[in-house]
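Visitor: Structure below; questions to follow.
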Amino acid sequence: MYLIFPHSLDLKGYSMKCRFNAIALFILLMSGHSNATTLEQEIQYLLSVVKKTDCLYERNGTKHKGEEAVKHIIKKYDYFKDDIKTAEDFIRLSATKSTMSGKAYQVHCPNEATQDSAAWLKQYLKNFRQNK
């Protein structure tokens, strides 16, 4: 990908409004790239949390280790990818409940109360964003 910086654009002969629009478009395109990168970083972080956890991920009454759970989440992520615009969308669509039964996924961590995967993942996302 090549980056074109506004100061290198030859805008001589264009109106001030046209120059402004060109610079605004550049900023918009660059911020969109940044948001996509951030979304992908957040999703990859959440997947690594699930994969490396000592907790068990329960789906429809069956408990799975992290590596098994992440494989299932990735399949759902691939299916819903076009609908995912935020990390919260990723959590909601890929990692919180069964699309077949509608039953919420549960996370069972040693020495902790069982909790919904949505709350568990949102806490990790919050921490990730705060430490960024």
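The values are calculated or read from the model by the stated rules, or taken from the named source; none is laboratory data. Just so you know, these numbers come straight off a predicted model, no measurement behind them. Positions of Cβ are backbone-derived with ideal geometry, glycine not excepted, and every protein chain shown enters the neighbour counts. Side chains are part of the model used for accessible areas, which takes the heavy atoms of the whole protein and leaves out ligands, DNA and RNA. Shrake-Rupley method; radii C 1.70, N 1.55, O 1.52, S 1.80 Å.
Visitor: Regarding Lys63, is this residue open to solvent by 60 Å² or more (accessible area, probe 1.4 Å), among the charged types (D, E, K, R) and modelled with pLDDT under 95? Show your work before the answer.
Guide: On the way: open to solvent by 60 Å² or more (accessible area, probe 1.4 Å): yes; among the charged types (D, E, K, R): yes; modelled with pLDDT under 95: no.
Against the criterion (open to solvent by 60 Å² or more (accessible area, probe 1.4 Å), among the charged types (D, E, K, R) and modelled with pLDDT under 95), Lys63 does not qualify.
Visitor: From Ala87, Ala69, grab the single residue that is open to solvent by less than 30 Å² (accessible area, probe 1.4 Å), out of contact with any Asp or Glu (no Cβ under 7 Å at 6 or more places or on another chain) and on the phi < 0 side of the Ramachandran plot. Outline the logic, then answer.
Guide: On the way: Ala87 fails: out of contact with any Asp or Glu (no Cβ under 7 Å at 6 or more places or on another chain).
Testing whether each residue is open to solvent by less than 30 Å² (accessible area, probe 1.4 Å), out of contact with any Asp or Glu (no Cβ under 7 Å at 6 or more places or on another chain) and on the phi < 0 side of the Ramachandran plot leaves just Ala69.
Visitor: Here are Lys81, Lys65, Lys76, Lys71: which of them is touching a helix residue (DSSP H, G or I) at 6+ places or on another chain (Cβ under 6 Å), without any contact (Cβ under 8 Å) to a residue 40 or more places away in the chain and basic (Lys, Arg)?
Guide: Working: Lys81 fails: touching a helix residue (DSSP H, G or I) at 6+ places or on another chain (Cβ under 6 Å); Lys65 fails: touching a helix residue (DSSP H, G or I) at 6+ places or on another chain (Cβ under 6 Å); Lys71 fails: touching a helix residue (DSSP H, G or I) at 6+ places or on another chain (Cβ under 6 Å).
Just a single option satisfies the conditions, and that option is Lys76.
Visitor: State the number of residues belonging to region 116-132 that are in contact with a helix residue (DSSP H, G or I) (Cβ under 9 Å, 6 or more places away or on another chain) and open to solvent by 40 Å² or more (accessible area, probe 1.4 Å).
Guide: So the answer is 5.
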